[in-house]
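Worksheet: the structure to be examined is printed underneath.
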Amino acid sequence: MLQARIIGTGACLPEKVVTNHDLEKIVDTSDKWVTERTGIKERRLATSEEAASDFSYKAARHALKAAGVKARDLDLILVGTVTPDSPFPSTGCVLQSMLGAKNAVGFDVSATCSGFLYTLSLADAYVRSGRYKKILVVGTDILSKFVDWEDRNTCVLFGDGAGAVVIEPTTKQKGIIDVVIGSDGRLGDMLYIPGGGSRIPASKESIRDGQHFIKMNGNEVFKVAVKTMERVSREILKKNNIDPGEVSIMVPHQANIRIIQAVAKRLKMPMENVVVNLDKYGNTSAATIPIALDEAVREGRIRDGDLILMAAFGGGLTWASALIRW
Ligand code: UT7
């Protein structure tokens, strides 16, 4: 039976580092508050010239190099993002052109912070069905361009970046075991951007009213995030007859250290088996999981045969989990 396997990972973060102390100069916040409430110490932010495809391109190049795959051999490019360079063309198409992946088809998937795992689920299904073989999966978001830099409730949380993986079929008992995705559109207004689409198109008024900025009920999101990430982790483990104790390493969405600790505690997962890098990058939305995966792989934290659990949660609401035998 065909299974999909990750054969290379890559990531790219902006060079510009913005610390909590830097933010103290622009909003009424403190390093102490942000560190204690979120675990974030600094984040990387895109410059005014940089956009999602720039980071995606570099992350993709690293992943292709690690996989030993040429861009022209790709047959599919999937990009999980809610912050494309522009409404269209898709970042998948922009990336196809930048990479010179002329034999591929590219498109985007909109699932906020769950975007990488949603695209991974598509890649997995395409490989299993035999339709596509060499697939580039990217998670990227540049939320710094969508936060109100005068709103301390949101601006301290997010960072920019991209992560990528290359996937191919295998007949070995290794690779993606399962990906579970879910959504509940009734809870969309917990975390959303009201303007800039066809409902409230960009206008002088929409800009004046800040409709193009992220709106979030942080408290509610926090509670639902913990419950949902635990639930979707348990669901995928149960579905595949795997005990939480068998998981070698967890790569969770990086939104808040307190969310990650609460989920780990509920799953009885020791924190030393959980990948955490939000102190350096903040919440990079769809990019958190592939960036954390790439770091863990390059640091040698993930070894042959390890069982990896991934779990994400985001606006939509959306959630997802994945189980991978490395
Ligand atoms: O990928 C999913 C994306 N979203 C999330 O992950 C968000 C999930 N939620 C959270 O991470 C947390 O709810 C926050 C970090 C956003 C907030 O932490 P909290 O412990 O839930 O704080 P709170 O919202 O209950 O606010 C406590 C106080 C408030 O002041 P008052 O009303 O008690 O006087 C806030 O105004 O902290 C204040 N506050 C801040 N103070 C200093 C909120 N943001 C800041 C800030 N600096 N940046």
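Counting lysine pairs in region 3-171 that sit 8 or more residues apart in sequence, or on different chains, and whose Cα atoms lie under 29 Å apart gives 25. Computed log10 I(q)/I(0) for region 113-253 at 0.14, 0.15, 0.21 Å⁻¹: -0.88, -0.97, -1.39, from the Debye equation with unit scatterers placed on every C-alpha and solvent omitted. When the trypsin sites (Lys or Arg not before Pro) in region 244-293 are filtered for DSSP coil states and for at most 10 other beta-carbon atoms within 10 Å of their beta-carbon, the remaining sites are Lys268.
Report the GluC sites (Glu not before Pro) located in region 225-311 that are in a DSSP loop and have at most 11 other Cβ atoms inside 10 Å of their Cβ, or state none. Within region 225-311, the qualifying GluC sites (Glu not before Pro) (loop, at most 11 other Cβ atoms within 10 Å) are Glu299.
Applying the criteria of a DSSP loop state and at most 16 other Cβ atoms within 10 Å to the GluC sites (Glu not before Pro) of region 1-105 yields Glu15, Glu49. Over the residues of the chain, the helix contribution to mean residue ellipticity at 222 nm works out to -10000 deg cm²/dmol, using -39500 (n - 2.57) for each DSSP H run of at least 4.
Applying 1/(1 + (r/R0)^6) with r as the Cβ-Cβ distance of Thr170 and Lys204 and R0 = 51 angstrom yields a FRET efficiency of 0.40. What does a probe at Glu272 reach in region 250-266, counting residues whose amide N is under 16 Å from the point 7 Å along Cα→Cβ? Correct set: 250. Length gained on full extension, Asn217 to Glu49: 57.4 nm, using 0.36 nm per residue less the C-alpha separation. Listed by chain and number, the aspartates and glutamates placed with their C-alpha closer than 17 angstrom to that of Lys238 are Asp178, Glu230, Glu246; residues fewer than eight positions away on the same chain are left out. Please report the spacing between the Cα centers of region 102-137 and region 166-196 in Å, no decimals. Spelled out, the Cα-based centre of one part sits 10 Å from the other. The label-point distance for Glu24 and Lys227, in a model that sets each label 7 Å from Cα toward Cβ, rounds to 3.7 nm.
Need one word for the chain: rounded, prolate or oblate. Basis is the Cα gyration tensor (sqrt eigenvalues a ≥ b ≥ c); a/c below 1.5 gives rounded, then a/b vs b/c decides. Taking the square roots of the gyration eigenvalues as a ≥ b ≥ c, the chain is oblate.
FYI, it's all coordinate maths here, none of it is from the lab. Small disclaimer: the values here were computed from a predicted structure and weren't measured. With ideal geometry, Cβ positions are generated from the backbone for all residues, glycine too; neighbour counts draw on all protein chains shown.
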